[in-house]
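Below is one structure, written out as structure tokens, with a few remarks after it.
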Amino acid sequence: MNAMNVTGVLVVGAGPTGLALGIDLARRGVDALVVEAGETLFPGSRGKGIQPRTQEVYDDLGVLDAMRAAGGPYPPRLFWKNGEPGGTKPMFDAVTADEGAPYTEPLMVAQWRTQEVLYARLRELGGRVAFGHRLAGLEQDPEGVTARFADGTTARARYAVAADGGRSAVRRAVGVGMVGESVDPSPFLVADLRLRGLDREHWHTFMGDDGCGVALCPLAGTDDFQLSARLPEGTETDLSLDGLRRLVTTYSHLGASDVTEVRWASDFRPRAALADRFRVGRVFLAGDAAHVHSPAGGQGLNTSVQDAYNLGWKLATVLAGRAPDALLDTYEEERRANAAAMLGLSTSVHRGEVRRGEATVQLGIGYRESSLTEETRADPGPVRAGDRAPDGRNADGVRMFDAFRGPHWTLLTPQPVAGIGGLPAPESYGPGVFLVRPDGYVGWAGETAEGLRAYAARTGA
């Protein structure tokens with residue numbers, strides 16, 4: 001058998017989760033390999049909404065400008081009835097931007113374009129993806145993980161991460177169950193089309209009284225429209241050009257010839273499912289391998305990228321010998337609880353119980369209850385340990401997101417700490433000393449720096 005040389009981390013799956021993790025590991029100097037079963041990156045638009053919190057992550061990973069160039073804002077929905085345009089409605093309730101949260105509007109980027117941007121950044125950092133490697137088996141021992149692929153090659157790494165989707169081969173290989181429920185009994189489909197007869201300034205919606213119909217959304221940064229459809233129970237889906245033409249003509253005023261090309265199509269049944277565990281020994285589950293969402297509300301891809309962002313710095317710290325393996329247990333502790341909450345939110349949005357807006361931007365996600373969080377102040381101010389560290393400028397004019405950008409921890413303190421240094425925090429943080437984790441959350445907070453060094457030693461800061 002031919003062996004691929006991997007010494008640190010093997011990431012299985014080159015979707016947004018695996019590529020984001022590959023970037024984070026590469027910038028930390030970790031020997032890592034991303035392997036992908038397909039011969040190319042995923043070709044469809046599927047997860048197209050980039051929430052504000054994920055935009056902050058992309059800012060840190062050095063890809064936000066490229067993401068903005070690859071996509072654009074969401075257009076308002078235009079509701080059609082009997083071939084006539086009706087009223088419009090924004091897809092998301094407005095969220096007010098402030099100094100601490102500069103990004104509040106979701107960004108639309110087709111998933112295939114997101115992956116192109118992430119892949120280019122990974123290559124720029126010296127990372128690599130091995131395409132055409134379908135996992136055939138995986139075993140682990142006290143020293144590492146051995147993966148076997150269908151082409152006869154093998155790979156050996158200290159740790160492995162399942163980023164290979166809802167039907168994860170890695171999850172099955174390590175025997176982790178996934179408990180879920182159907183969100184909607186109706187069949188759904190999504191497709192990327194080329195068509196004529198509709199403007200690109202609106203998300204065109206054609207819905208019947210039974211809640212079934214189609215929506216045609218111009219995909220920002222492309223010439224395509226994304227078709228999404230909810231069909232009556234028992235309907236057989238047809239993903240061919242003729243089948244999709246029939247679907248469009250059934251629900252809209254467009255003619256069959258107005259649909260000129262199908263670039264990608266998929267059908268699915270919306271469900272919500274959560275893996276029983278996110279860690280088994282040296283194997284970690286991330287993204288859809290760990291949690292499967294309804295696409296409503298745009299939570300799935302975003303939760304997945306933040307899995308990678310949480311895990312990357314922890315793997316790098318343990319591999320460098322700066323913290324014990326137990327640090328990696330906090331990945332499941334922090335991310336599984338958040339994934340469960342996001343699953344409930346996605347389902348509520350799908351069922352019309354929650355509006356897209358403040359509830360879905362993911363800026364309120366935090367880790368106050370984590371064992372990795374230490375709040376030592378008797379009377380904490382507005383920013384507490386476990387919270388997302390807000391943006392803002394301190395008295396010296398330093399922007400916090402500029403200070404946080406990179407793979408390091410950041411100390412915010414009124415007076416520099418001997419041997420460590422530090423920056424003053426913005427007034428909006430309130431009084432105290434704050435140690436900000438590499439993933440932008442406050443790990444430790446105190447009235448003074450007393451206890452800071454012990455926390456740093458425990459976490460590898």
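The values are calculated or read from the model by the stated rules, or taken from the named source; none is laboratory data. Computed from a predicted model, the values in this text were never measured in an experiment. As a convention, Cβ positions derive from the backbone with ideal geometry for all residues, glycine included, and neighbour counts pool all protein chains shown. Areas reflect the complete protein model, heavy atoms only, side chains present, ligands, DNA and RNA absent. Shrake-Rupley method; radii C 1.70, N 1.55, O 1.52, S 1.80 Å.
Just checking, how many residues over the stretch 91-106 are small (G, A, S) and either within 15 Å of Q299 (Cα to Cα) or open to solvent by less than 40 Å² (accessible area, probe 1.4 Å) (or both)? Spell out how you get there, then give the answer.
Of the residues in the stretch 91-106, the ones small (G, A, S) are 94, 97, 100-101.
Restricting the remaining residues to those that are either within 15 Å of Q299 (Cα to Cα) or open to solvent by less than 40 Å² (accessible area, probe 1.4 Å) (or both) gives 100-101.
Residues flagged as small (G, A, S) and either within 15 Å of Q299 (Cα to Cα) or open to solvent by less than 40 Å² (accessible area, probe 1.4 Å) (or both) within the stretch 91-106 amount to 2.
Being part of a strand (DSSP E or B), in contact (Cβ under 8 Å) with a residue 12 or more places away in the chain, among the acidic types (D, E) and more than 22 Å from R279 (Cα to Cα) holds for only one residue in D210, D192, and it is D192. Picking from residues in the stretch 292-314 that are at pLDDT 85 or above and over 13 Å from G18 (Cβ atoms), the one that is surrounded by the fewest Cβ atoms within 10 Å (Cβ to Cβ) is W313.
May I ask you to list the residues in the stretch 237-254 that are part of a loop (DSSP other than H, G, I, E, B) and under 31 Å from the mean Cα position of the chain (by Cα)?
Residues of the stretch 237-254 part of a loop (DSSP other than H, G, I, E, B): 237-240, 252-254.
Passing the criteria: T237, D238, L239, S240.
So is V179 hydrophobic (A, V, I, L, M, F, W, C), over 21 Å from R113 (Cα atoms) and open to solvent by less than 40 Å² (accessible area, probe 1.4 Å) or not? Answer is no for this residue. Which residues, taken from the stretch 419-428, are crowded, with 17+ Cβ neighbours inside 10 Å and out of contact with any helix residue (DSSP H, G or I) (no Cβ under 9 Å at 6 or more places or on another chain)? Answer for the stretch 419-428, where residues must be crowded, with 17+ Cβ neighbours inside 10 Å and out of contact with any helix residue (DSSP H, G or I) (no Cβ under 9 Å at 6 or more places or on another chain): G422, S428.
Residues in the stretch 269-285: is at least one under 27 Å from A70 (Cα atoms) and surrounded by 16 or more Cβ atoms within 10 Å (Cβ to Cβ)?
Step one: list which residues in the stretch 269-285 are under 27 Å from A70 (Cα atoms), which gives none.
No; the residues of the stretch 269-285 include none that is under 27 Å from A70 (Cα atoms) and surrounded by 16 or more Cβ atoms within 10 Å (Cβ to Cβ).
Being of a type in the set (V, I, T) and either in contact with a Pro (Cβ under 6 Å, 6 or more places away or on another chain) or at pLDDT below 95 (or both) is a condition met by at least one residue of the stretch 164-183.
Being out of contact with any Asp or Glu (no Cβ under 6 Å at 6 or more places or on another chain) and surrounded by fewer than 18 Cβ atoms within 10 Å (Cβ to Cβ) is a description that does not apply to S168.
Looking at D65, is it open to solvent by less than 50 Å² (accessible area, probe 1.4 Å) and within 26 Å of A389 (Cα to Cα)? Even if it seems obvious, please write down each step before you answer.
On the way: open to solvent by less than 50 Å² (accessible area, probe 1.4 Å): no; within 26 Å of A389 (Cα to Cα): yes.
Criteria not met by D65.
From the list G166, G180, which one is touching a residue at least 12 places away in the same chain (Cβ under 8 Å) and either assigned to a loop (DSSP other than H, G, I, E, B) or aromatic (F, W, Y) (or both)?
Numbers: G180 fails: either assigned to a loop (DSSP other than H, G, I, E, B) or aromatic (F, W, Y) (or both).
After applying the criteria, what remains is G166.
Residue-level check: of (1) of a type in the set (A, V, I, L, M, F, W, C); (2) buried (at least 18 other Cβ atoms within 10 Å of the Cβ); (3) over 25 Å from A26 (Cα atoms), A136 misses just (2).
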